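Quick notes on the structure that follows.
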Amino acid sequence: LILICTAVMVVGPTALAAGAVLALRSDLDSTFGDKARLMVHGTGWTAYLGTAAQVMSVTLLLALGFGYSWCFGREFVEGTVVNLFALPVRRGEIAAAKLVALVAWSVLVSLAAYAVLSVCGLLVGGLGKMPAGWWLPLAVCLLTSANTLPLTWVATVRRGYLGSLGVLLGIVVLTQLLVAVGGGGWVPWAVPGLLAGLGGPEVVRPVQLVLPEVVGLVSVVGTVDSWRRLELGNA
């Protein structure tokens with residue numbers, strides 16, 4: 001599952017961004033070409049990176065959401081969580097180790113996705129000079145990673161990954177609705193998409209960029225505390 005999610009995050013946004021730019025460049029008259037005209041804003045690197053950032057804001061939330069949910073929910077679904085009570089390592093420390101591994105995975109995937117995106121942009125060619133906002137896709141990836149951390153707490157509380165995946169889908173739908181009515185600026189899960197341009201003219205304020213980090217930090221504390229309080233009869 002982790003390998004599949006990684007491949008989707010690294011290859012998917014780049015493929016869609018490159019395809020959209022090439023479709024517009026060739027003036028492709030097709031359904032994909034029509035959708036590309038709605039997604040792509042600007043020209044050259046600005047259009048390419050902006051389109052990739054929009055795709056990343058959704059792709060990473062879903063892919064990381066599956067990975068985070070599975071990592072913390074599988075112990076309960078497979079019944080192996082009971083064995084953890086016999087280990088000399090505290091359960092809070094186990095949860096912290098899991099979180100460190102997941103955060104490291106998300107950061108490495110973000111860097112890999114940005115590297116592939118940059119190399120592909122050079123191969124496509126004709127994009128002009130790299131813009132001042134070259135950091136946009138990477139920032140969107142990291143903010144989305146922080147927004148995904150609450151799913152580790154949900155998977156713990158719900159004792160499995162199905163409840164966490166249900167919350168993930170609910171977050172995606174609710175966020176899209178709030179952005180559509182212009183009220184997504186203060187919703188942490190909408191911030192990466194708005195920063196990428198999914199909200200159109202809606203501008204993200206500097207203070208709103210802190211919201212995903214706050215959500216991630218609170219989720220880490222809540223998840224570790226929930227694992228620390230696990231009881232054998234209720235695990």
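The values are calculated or read from the model by the stated rules, or taken from the named source; none is laboratory data. All values reported here derive from a predicted model rather than from experimental measurement. Ideal geometry is used to build each Cβ from the backbone, glycine not excepted, and the neighbour counts take in all protein chains shown.
Worth pointing out:
- Residue within segment 14-21 that is surrounded by 18 or more Cβ atoms within 10 Å (Cβ to Cβ), at pLDDT 90 or above and over 29 Å from Val157 (Cα atoms) present: yes
Listed here are the residues, each with its yes/no results for (1) charged (D, E, K, R); (2) more than 30 Å from Ala86 (Cα to Cα).
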| site | (1), (2) |
| --- | --- |
| Val179 | no, yes |
| Pro188 | no, yes |
| Val224 | no, no |
| Arg228 | yes, no |
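Here is a yes/no grid of residues against (1) at pLDDT 85 or above; (2) loosely packed, with under 15 Cβ neighbours inside 10 Å; (3) in a helix (DSSP H, G or I):
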{"position": "Ala23", "(1), (2), (3)": "no, no, yes"}
{"position": "Leu28", "(1), (2), (3)": "no, no, no"}
{"position": "Arg37", "(1), (2), (3)": "no, yes, yes"}
{"position": "Ala53", "(1), (2), (3)": "yes, no, yes"}
{"position": "Arg74", "(1), (2), (3)": "yes, no, yes"}
{"position": "Val89", "(1), (2), (3)": "yes, yes, no"}
{"position": "Leu111", "(1), (2), (3)": "yes, yes, yes"}
{"position": "Leu122", "(1), (2), (3)": "yes, yes, yes"}
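- Members of segment 108-151 that are of a type in the set (Val, Ile, Thr) and closer than 18 Å to Leu211 by Cα: Val140, Thr144, Thr148
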